[in-house]
Amino acid sequence: MKRLNAKTVLLLSTIVMIITNCSTIRQIRPLEKGQQSVSFSVGGPVTEVGSVYIPLPLMSFGYNRGLIDNTLDLETGLHVTQLLYGILDVEVGVNFRPFQSKAWQPGLIISPKLFFMTDFSGGARLYPDLCLTGFWKLHEKVYLFTGLENWFEFSSTRDDGLEQKNHWLLVPYIGTNIGSQRWQFQFETRVYTPNLKNTGRATKNIGFGEYGVLGFFLGVNFTPGKEKK
């Protein structure tokens, strides 16, 4: 793949290193085969804007479709904010649930994904990603979840020619999904790269001492179909 231009390098550095893993909100609830779900999310790392710190309003759309009843679903996403800056950023993957939540026993979601980015001028990048999510069904309308997202960079050099020192970027998260079978609201807190120092970042963020960046997301899911009685 060709290298991205200087403008794109700067933007991608911000997206990947500061806002890394701003994926669409997670499909926590299982889907039956053929069942579909669409989502919209907004949020990001808490960043200094003017004289205040607020979560960046990064927007994305997501789509899921059940492949195997309550076990496997396809997941795709489009990141709108990056598109406004001339970068196409899409993701595709699956959510595999080897077992469901029962009482206080958590369920597990294994989510391998690929992120594809291009600036439409011949430059492009591909990033693999893996999420491991534990979730609890506390009530028919309330789910709690927590997990770890892993973003991988296989290139030995960055697009600006410097050595790529960080090949494994971590993002732990915790959140809740509340609502009916058709409509759900999702709240999520993320800690971006808690294993890396914040020196050299292009923006000022709220972290934990010298490490990590705190972020918040709000999303809404719509799953067509009749409500179960």
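The values are calculated or read from the model by the stated rules, or taken from the named source; none is laboratory data. Keep in mind it's a predicted model, so treat the numbers as computed, not measured. Cβ placement follows ideal geometry from the backbone for every residue including glycine, while neighbour counts extend to all protein chains displayed.
Any residue that is over 18 Å from the mean Cα position of the chain (by Cα) and more than 18 Å from Gly219 (Cβ to Cβ) - is there at least one of those in the stretch 141-151?
Checked the stretch 141-151: no residue is over 18 Å from the mean Cα position of the chain (by Cα) and more than 18 Å from Gly219 (Cβ to Cβ).
How many residues are under 10 Å from Pro45 (Cβ atoms), modelled with pLDDT of 90 or more and either exposed (fewer than 15 other Cβ atoms within 10 Å of the Cβ) or among the aromatic types (Phe, Trp, Tyr) (or both) if we restrict to the stretch 187-216?
1
One residue is enough: does the stretch 177-184 have a residue meeting the conditions of a type in the set (Gly, Ala, Ser) and in a loop (DSSP other than H, G, I, E, B)?
yes
Here are some residues: Leu170, Leu72, Leu126. Which one is closer than 26 Å to Thr189 by Cβ and out of contact with any His (no Cβ under 7 Å at 6 or more places or on another chain)?
On inspection, the qualifying residue turns out to be Leu170.
Can you name the residue in the stretch 106-132 that is touching an Asp or Glu at 6+ places or on another chain (Cβ under 6 Å) and closer than 15 Å to Gln82 by Cα and, of all such residues, is modelled with the lowest pLDDT?
Met117
A quick yes/no check of all residues on (1) touching a strand residue (DSSP E or B) at 6+ places or on another chain (Cβ under 8 Å); (2) over 29 Å from Ile54 (Cα atoms):
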{"position": "Ile110", "(1), (2)": "yes, yes"}
{"position": "Lys113", "(1), (2)": "yes, no"}
{"position": "Gly147", "(1), (2)": "yes, no"}
{"position": "Pro172", "(1), (2)": "yes, no"}
{"position": "Ser180", "(1), (2)": "no, yes"}
{"position": "Trp183", "(1), (2)": "yes, no"}
{"position": "Asn205", "(1), (2)": "yes, no"}
